[in-house]
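Each value in this text was obtained by applying a stated rule to the coordinates, not by laboratory testing. Keep in mind that this is a model prediction, so the values were computed, not measured. Cβ coordinates were reconstructed from backbone atoms using ideal geometry, including for glycine residues, and neighbour counts include every protein chain displayed.
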Amino acid sequence: MELHQIRYFLAVARIGNFSRAARECHVSQPSLSQQIMKLEDELGEVLFHRQPQGTTLTDAGRLFAPHAERIAAEVEEAQRRVQESRGGVRGRFVLGVLPTIAPYLLPTLLEPFASDYPEVEVVVQEEITPHLLEGVQSGEIDVALLSLPVAGAGLERVELFHEELLLVLPRSHPLARKKRVEMADLPKEKFILMQEGHCLSDQALEFCHARGDFSPRVSCRSAQVETLLALVKAGLGLSIIPEMAAKLGEGIAYRSLGPVPPRRKVGFVWRSHRFQPIAAAKFVERAVELVGAQESGNRSPEGNE
């Protein structure tokens with residue numbers, strides 16, 4: 001049994017197609033198919049149902065899959081450990097990030113990381129949550145930075161921090177005179193939300209339904225937080241944005257929502273039992289350390305009592 005046979009098997013099992021798996025593995029389809037058949041001959045079992053509409057695992061294939069994943073992960077982890085022992089971290093990794101996180105948090109995380117690991121190339125890919133999870137599962141994204149919790153088997157998760165979701169409104173709006181806006185103040189207001197599919201839009205809708213018992217009147221949607229702020233400033237409606245995106249600007253105001261403000265959890269997700277580039281692992285480790293240090297520094301003496 002050869003390691004490349006196991007990797008070919010895992011690629012076909014994940015993708016469900018011999019041709020696409022061969023392209024991902026950078027081999028010809030006949031070569032990949034031949035190696036899979038050799039693996040099946042050695043095991044004495046057929047691992048795939050080969051059908052025109054797609055390839056699926058047989059019972060034997062499903063039994064073999066978790067063992068194959070562990071073998072591949074152990075070998076790749078051994079390679080990573082050897083690289084670490086040589087000193088120096090280099091290479092590249094793909095970092096998937098939500099558009100509502102990327103421009104506000106990444107500079108803080110990437111600047112010290114780039115200073116510590118100047119030979120690492122970070123490829124940033126901004127997508128909504130479903131696409132990020134698809135990329136993680138397929139191996140196209142090494143690690144994703146998004147809003148937790150997320151559903152999905154075979155995923156590792158690390159929480160970074162919680163943050164408040166704030167109501168943003170025109171400074172001239174009557175509610176801007178209040179220090180805190182109550183949910184009872186909002187049912188008659190128009191809202192500007194992120195496009196459907198963005199988790200921030202889902203979080204805003206869920207909060208209105210759960211805490212205010214109303215469905216917000218959506219007047220406009222956008223894919224960018226900056227556009228939301230501009231539309232709010234123009235008086236087209238109110239919006240709910242993450243605290244990290246709140247910035248000083250003429251004509252807009254931010255208020256907490258009562259009685260219990262909405263919050264979101266931000267963290268990393270990557271696939272279990274799959275090789276994670278050493279650079280990606282170091283980035284997660286460095287980010288957790290950095291955010292932890294910042295949170296410790298921001299705690300007041302009263303908060304530590």
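Rg(Cα) of the chain divided by 2.2 N^0.38 Å?
With N residues counted in the chain, Rg over 2.2 N^0.38 Å equals 1.23.
Report, by chain and number, residues whose modeled amide H sits under 5 Å from the one on residue 195, excluding near sequence neighbours (fewer than 5 apart, same chain).
It is 222, 223, by chain and number.
Using a Gaussian network model of the chain with C-alpha springs under 10 Å, which one of 143, 124, 82 is most mobile by mean-square fluctuation?
It is 82.
Using amide H atoms built 1.01 Å from N in the peptide plane, name the residues 5+ places from residue 238, or on other chains, whose amide H lies under 5 Å from its own.
Amide H to amide H, under 5 Å and 5 or more residues apart or across chains, residue 238 pairs with 190, 191, 192.
Report for the range 164-263 the percent antiparallel among DSSP-assigned beta bridges with both residues inside it, nearest 5.
50
Please identify the helices of the chain, taking whole runs of DSSP H, that span at least 20 Å along their own axis as judged from the Cα atoms and have a mean Kyte-Doolittle score of 0.0 or higher.
Going by DSSP H runs, the hits are 102-116, 278-298.
Using Cβ contacts closer than 10 Å as the measure, can you line up 185, 142 from fewest to most?
185, 142
If each DSSP helix of 4+ residues adds -39,500 (n - 2.57) and the sum is divided by the residues in the chain, what number results at 222 nm, nearest 500 deg cm²/dmol? Could the numbers behind the result be given before it?
Numbers: 9 runs with 127 residues, N = 305.
Using -39500 (n - 2.57) per qualifying helix, the result is -13500 deg cm²/dmol.
Share of antiparallel DSSP beta bridges in the chain, in percent to the nearest 5? Before the final figure, lay out the partial values.
Values: 26 of 45 bridges.
Expressed as a percentage, antiparallel bridges in the chain total about 60.
Please list, ordered by chain and number, the residues whose modelled amide H lies under 5 Å from the amide H of residue 92; skip anything fewer than 5 residues away on the same chain.
The list, which skips near neighbours in sequence, is 121.
Positive end of the dipole of the chain, charges at C-beta (+1 Lys, Arg; -1 Asp, Glu), about the Cα centre: which of 106, 278, 52 has its Cα farthest in that direction?
Selected residue: 106.
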